[in-house]
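I have placed the structure first, in the form of structure tokens, so that the comments after it can refer back to it.
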Amino acid sequence: MNDRIRDVYVVDAVRTPVGKYGGALASVRPDDLAAHVVRSVVGRSPGLDPALIDDVVFGNANGAGEENRNVARMAVLLSGLPVTVPGLTVNRLCASGLEAVVHAYRAIALGDASVVVAGGVESMTRAPYVMPKPERAFPAAHQQLYSTTLGWRMTNPAMPERWTTSLGEGAELIADKYGITREQQDAYALASHRKAARAWAEGAYAAEVVPLPGVDLPRDETIRDTTSMEALARLKPAFRKDGGTVTAGNASPLNDGAAAVLLCDEEGLRRTGREPLARVRASAVTALEPDLYGLGPVEAVRRVLSRAGRALADVTHFELNEAYAAQVLGCFAEWPDLDPGIVNPRGGAIAIGHPLGCSGARLAGAVAHQLAAAGSGTGLAALCIGVGQGQALVLER
């Protein structure tokens, strides 16, 4: 019988370089991406017997293509782990990878597991087209194909139209709500690219990025070292033709990638022989109006910090997913006590990319590595989620 809540540690975290849509990772199946990071994160702890891994939990936002049939279990089998290691796939859209980490955290904290690999994967390039079954056999008319790359498809007609607005239009709504200008969004995007380029140049990602053998992708593919405010200003609005402020330049791109995190309790930690990167302190998930999904992190962050007994002023490292610059700036407006300078110090998703199911695990791993490099601190990972949710995780060292 479990009589206490166990401490949960992040032992290690890895990710692939993030590929652009149709880019260097376009030929790599998502289950192979997942297998690569699972194999890598386990292999970096040679003292750990892989047979002692209690579960592998992966986030994935699509599930309609080659990652079908429970991609976490496929990753176990393809990675060479013992067939006795189970696998579970979870879906919380953009936060699926973070949900996987949270699921592992809870299982370990409750004593249901000792060692868990959590992560996330998405190949937006290889997301298939799907077609619903016709209501009657042998239809004579043409049938509709839907892309599963991103956003709404086969929408339930009972949903209010406001709730099914596009993700980009949702970002425009936030820009309207807070009076966020095109120039402010472009300036934020430019800073993201510059921080990411500098981090790669300085070797800041060396501890966590595991390139794929045989793939020519030495760093994240969508970073634009030479972009400028002038170049960003030339881009046309992507969602509102008249008066729009959201462009391809101040939004996250479509991407491919995978990330994995190794979590353990104290007993599992002894088996690895490793010093942990960080300890998990608390998690939270919240919801709001679907069209304002970009503000999802606001309440999730408030709630998780309350559970952790911390305030925004205590946070030293903050990875906030950059779905859109407008969305990030809208969240900043709701956090007057936050120092924006601590957010995404090595660049964010506008530059690095946002492979949907992968991103939450990437953020959690990035925070853990930053805390380890600093030696101490309070870290926060948070994401907005399509259809109106937000999720956040607090790590400490």
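The values are calculated or read from the model by the stated rules, or taken from the named source; none is laboratory data. Not measured: the values here are computed from a predicted model. Reconstructed Cβ throughout: ideal geometry from the backbone, glycine too, with neighbour counts over all protein chains shown. What goes into the accessible areas is simple: the full protein's heavy atoms, side chains included, and nothing from ligands, DNA or RNA. Shrake-Rupley method; radii C 1.70, N 1.55, O 1.52, S 1.80 Å.
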Original post:
Counting just the residues of the stretch 214-236 that are touching a helix residue (DSSP H, G or I) at 6+ places or on another chain (Cβ under 8 Å) and assigned to a loop (DSSP other than H, G, I, E, B), which one comes out most open to solvent (accessible area, probe 1.4 Å)?
Top reply: ARG224
Original post:
Within the bounds of the stretch 335-347, is there any residue that is touching an Asp or Glu at 6+ places or on another chain (Cβ under 7 Å) and more than 22 Å from VAL18 (Cβ to Cβ)?
Top reply: no
Original post:
Within the stretch 299-397, which helices (runs of 4 or more DSSP H) (wholly inside it) include 1 or more residues that are open to solvent by less than 10 Å² (accessible area, probe 1.4 Å), on the phi < 0 side of the Ramachandran plot and touching a His at 6+ places or on another chain (Cβ under 9 Å)?
Top reply: 349-352, 356-374
Original post:
Out of SER45, SER27, which single residue is of a type in the set (Ser, Thr, Tyr), open to solvent by 20 Å² or more (accessible area, probe 1.4 Å) and modelled with pLDDT of 95 or more?
Top reply: SER27
**OP:** Might you check whether a residue that is out of contact with any Phe, Trp or Tyr (no Cβ under 7 Å at 6 or more places or on another chain), at pLDDT 95 or above and closer than 16 Å to ALA260 by Cα occurs anywhere in the stretch 156-170?
**Re:** no
**OP:** Scan the stretch 150-164 for residues that are open to solvent by less than 80 Å² (accessible area, probe 1.4 Å), outside any helix (DSSP H, G or I) and under 22 Å from GLY63 (Cα atoms) and report the count.
**Re:** 4
Original post:
Among the numbered criteria (1) within 20 Å of PRO253 (Cα to Cα); (2) among the charged types (D, E, K, R); (3) open to solvent by 40 Å² or more (accessible area, probe 1.4 Å), which single criterion is violated by ARG15?
Top reply: (3)
Subject >> Unique residue being within 23 Å of VAL343 (Cα to Cα) and out of contact with any strand residue (DSSP E or B) (no Cβ under 9 Å at 6 or more places or on another chain) when the list is LEU190, LEU212 >> reply: LEU190
**OP:** With respect to GLY268, determine if the residue is open to solvent by 20 Å² or more (accessible area, probe 1.4 Å) and farther than 30 Å from ALA24 by Cα.
**Re:** no
Original post:
Going through the stretch 171-187 one residue at a time, which ones are in contact with a Pro (Cβ under 9 Å, 6 or more places away or on another chain) and not basic (Lys, Arg)?
Top reply: GLU172
**OP:** Mind listing whichever residues of the stretch 107-137 are open to solvent by 20 Å² or more (accessible area, probe 1.4 Å), closer than 30 Å to VAL11 by Cα and hydrophobic (A, V, I, L, M, F, W, C)?
**Re:** ALA107, LEU110
**OP:** Go through (1) surrounded by fewer than 17 Cβ atoms within 10 Å (Cβ to Cβ); (2) in contact (Cβ under 8 Å) with a residue 60 or more places away in the chain; (3) under 21 Å from the mean Cα position of the chain (by Cα) one by one and return the number of the condition ALA248 breaks.
**Re:** (2)
Subject >> Residue list for the stretch 214-244, restricted to those being of a type outside the set (D, E, K, R) and in contact (Cβ under 8 Å) with a residue 60 or more places away in the chain >> reply: VAL215, LEU217, PRO218, THR222, ILE223, ALA238, PHE239, GLY244
Original post:
For GLU169, which of the numbered conditions (1) under 18 Å from ILE53 (Cβ atoms); (2) in contact (Cβ under 8 Å) with a residue 60 or more places away in the chain fails to hold?
Top reply: (1)
Original post:
Which numbered condition trips up ARG198, out of (1) over 30 Å from GLY47 (Cβ atoms); (2) touching a Gly at 6+ places or on another chain (Cβ under 9 Å); (3) of a type outside the set (Gly, Ala, Ser); (4) part of a loop (DSSP other than H, G, I, E, B)?
Top reply: (4)
Original post:
Scanning the stretch 48-75 for residues that are buried (at least 24 other Cβ atoms within 10 Å of the Cβ) and polar (S, T, N, Q), which turns out nearest to VAL102 (Cα to Cα)?
Top reply: ASN60
Original post:
So GLY63 clears everything in (1) over 19 Å from the mean Cα position of the chain (by Cα); (2) part of a loop (DSSP other than H, G, I, E, B) except one condition, right? Which one?
Top reply: (1)
Original post:
Can you spot a residue in the stretch 291-300 that is among the aliphatic types (A, V, I, L, M) and more than 28 Å from LEU173 (Cα to Cα)?
Top reply: no
